[in-house]
Structure formats: C-alpha cells, structure tokens
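The values are calculated or read from the model by the stated rules, or taken from the named source; none is laboratory data. In this text the structure is predicted, and so the values were computed from the model without any measurement. Note that we place each Cβ from the backbone using ideal geometry, even for glycine, and neighbour counts take in every protein chain shown. For accessibility, only protein heavy atoms count, side chains too; no ligands or nucleic acids. Shrake-Rupley method; radii C 1.70, N 1.55, O 1.52, S 1.80 Å.
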Amino acid sequence: QATLAGYFWYGLSVYPSYAYFKRLLGLDLLPTDLAVANANNIALLAGALAAVIASLGLTPLEAARIRVVADPLKYKPLGLIGTLGVIASEGERVGGVGRWGALYAGLPSLMTRQVIFGSVKFLAFERACEFIYSMWPVLRDATWTALTVSLVAGAFSGALSSLVSQPADAVLTYVAAREKSNDLDTNGSQGLGVLEGSRLMIEESGFSSLFRGFGSRCVWAAAIIAGQFVLYDLFRNFFGVTSQDLSQVFEITL
C-alpha cells in the first residue's frame, strides 16, 4: 500500500509542480530574454522545487514502506494508515520528537536524493526531446510518435539522473546504516556527516563503492521514468496543454 501510494503521490505532485514552477519562473517572474537565456537553470530549479513538494508527501510513505519490508508480519496487517499511526506514536512515546518529527525523520535524506534526481531528470528529458525533434521533426505529427519520443527521452533522463544521483544516494544510504548501527551498539552517538561518510566509504570499499548497484538502479529508473513521462504527456494532451504553453520564445523584430 505504501509503495502504491508513494508512486501515486509522486506522479500527482511532481509533474504538475514542475509545470507550475517552470511557468512561474519562465513566464511570470523573469523577462522573456532572461528566461530564454537561462532555460536550463529554470528547468533545474523548477525540477528541484517540484522534488521538494513531492518529498513532503513521500517521506511518511517511505517510512511506512521500510517498516513493512523490515517486519511484514507485524506491519502488513495494519495497512498504511495503521503503520503510520504506529510510527507517529513512537515519536511521542520513545523518541520525544513528536508525531510529525517521527514521520518526517527521514526528510533531509530523501529530499536530497529527490532534488538531485528530479532536477536532472526534467532537464535531461526536455533537452533529449528537443534533440530528437530537431533531427526528425516529422515525429511531432502523430500522437503515437510523439509518445514514443517521450518514452525514449524519459528512459534517457531516468538513466542519466540515476548516474548523477548515484554517489549521493550511496553515501546517504551508508551514513544511515552507520548511524543505525551506532545507535544499536552505543545507545546514541554523534551523527555521521555526509562528507565524513563519503571519506569512510571510499576508504573502506574504494571509489567504486559510490556506484555500487548502479546497473540495476539505472535500468529500473529508465523504465519507471519513461513510463511516467508517457503518462505525463498523455494527461497533458487530454487537458489540451502543449509544450508551447510552458515555453518562452525570444523574438527580435528588425
């Protein structure tokens, strides 16, 4: 339930949020010439802001998913709402961080991953689409060819985003595992920073450890993101929103 709810929330929040922030930055806040000159920066910033919005809903759902995976016999019968209730009650009873603090304990880590991944994803998708259409403009003419372009560009953006965000994801996972181990062994210790975690991880396992598991993550991300962008374009077509509605064109008249 948590996994399905997470995918649903992500699709419902991140893609409309990206379109909103891109339009806000590119059409409403910046002059046309400045928006055109900074199109890449706008895409990166809009993607990052959209990832922040998505992370606010994903964090409690991810916490519930981890509990179910770790102890399915205990948490699976409770369902999503019941598992979230248990996590929230633990924050008041054990950690002293409060209900919301317990549900959002993993927000910094998850948001870091999502911002890096999401900002690169949207920029790569848009530039890949532009390149494909510049080479084969006829692909714009039919819906199925345009969706095929979205599928290919989405797969490329998912793979590239996975590559760019892989080191940060690996380090954050390592830091979280070390902190959990320290809590169990010493009943609380100084938190391990990201830079220190990177250094220890490379010392222990070498530089290649930053890209451990990249192959499977890359394939998974390419498949998932390609499907998401196809659905995104389908919904845009259904509501009559075109790429021109979200773009700036700088024209000079002599």
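Being assigned to a helix (DSSP H, G or I) and touching a Gly at 6+ places or on another chain (Cβ under 6 Å) is the requirement here; does Gly57 meet it? Give the steps one after another, and end with the answer.
Numbers: assigned to a helix (DSSP H, G or I): yes; touching a Gly at 6+ places or on another chain (Cβ under 6 Å): no.
So Gly57 does not fit the description; no.
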Fill in the blank from the handout: Flagged in the range 212-227 as open to solvent by 50 Å² or more (accessible area, probe 1.4 Å) and either among the basic types (Lys, Arg) or outside any helix (DSSP H, G or I) (or both), in numbering order, are Arg212, Arg217
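Just to check your reading of the model, which residue among Ser209, Ser205, Ser189 is at pLDDT 65 or above and open to solvent by 50 Å² or more (accessible area, probe 1.4 Å)? Talk me through it step by step, then tell me what you get.
Details: Ser209 fails: open to solvent by 50 Å² or more (accessible area, probe 1.4 Å); Ser189 fails: at pLDDT 65 or above.
Exactly one residue qualifies, and that residue is Ser205.
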Problem - Within the range 90-122, considering residues that are more than 13 Å from the chain's Cα centre (by Cα) and over 18 Å from Glu62 (Cβ atoms), the one least open to solvent (accessible area, probe 1.4 Å) - result: Gly98
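Quick check, is Ser13 closer than 26 Å to Gly197 by Cβ and of a type in the set (S, T, N, Q)? First the steps, then the outcome.
Working: closer than 26 Å to Gly197 by Cβ: no; of a type in the set (S, T, N, Q): yes.
No; evaluated as a whole, the condition is false for this residue.
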Fill in the blank from the handout: Conditions (1) open to solvent by 70 Å² or more (accessible area, probe 1.4 Å); (2) closer than 29 Å to Tyr20 by Cα -> Val69 fails only (2)
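Quick test for you: out of Ala37, Ala63, pick the one residue that is over 19 Å from the mean Cα position of the chain (by Cα), open to solvent by 20 Å² or more (accessible area, probe 1.4 Å) and under 30 Å from Ala159 (Cβ atoms).
On the way: Ala63 fails: over 19 Å from the mean Cα position of the chain (by Cα).
Result: Ala37 is the single residue among Ala37, Ala63 that is over 19 Å from the mean Cα position of the chain (by Cα), open to solvent by 20 Å² or more (accessible area, probe 1.4 Å) and under 30 Å from Ala159 (Cβ atoms).
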Completion exercise
Note on the range 10-29: residues in contact (Cβ under 8 Å) with a residue 40 or more places away in the chain and surrounded by 17 or more Cβ atoms within 10 Å (Cβ to Cβ) are Tyr10, Ser13, Val14, Tyr15, Tyr18, Ala19, Lys22, Arg23, Gly26
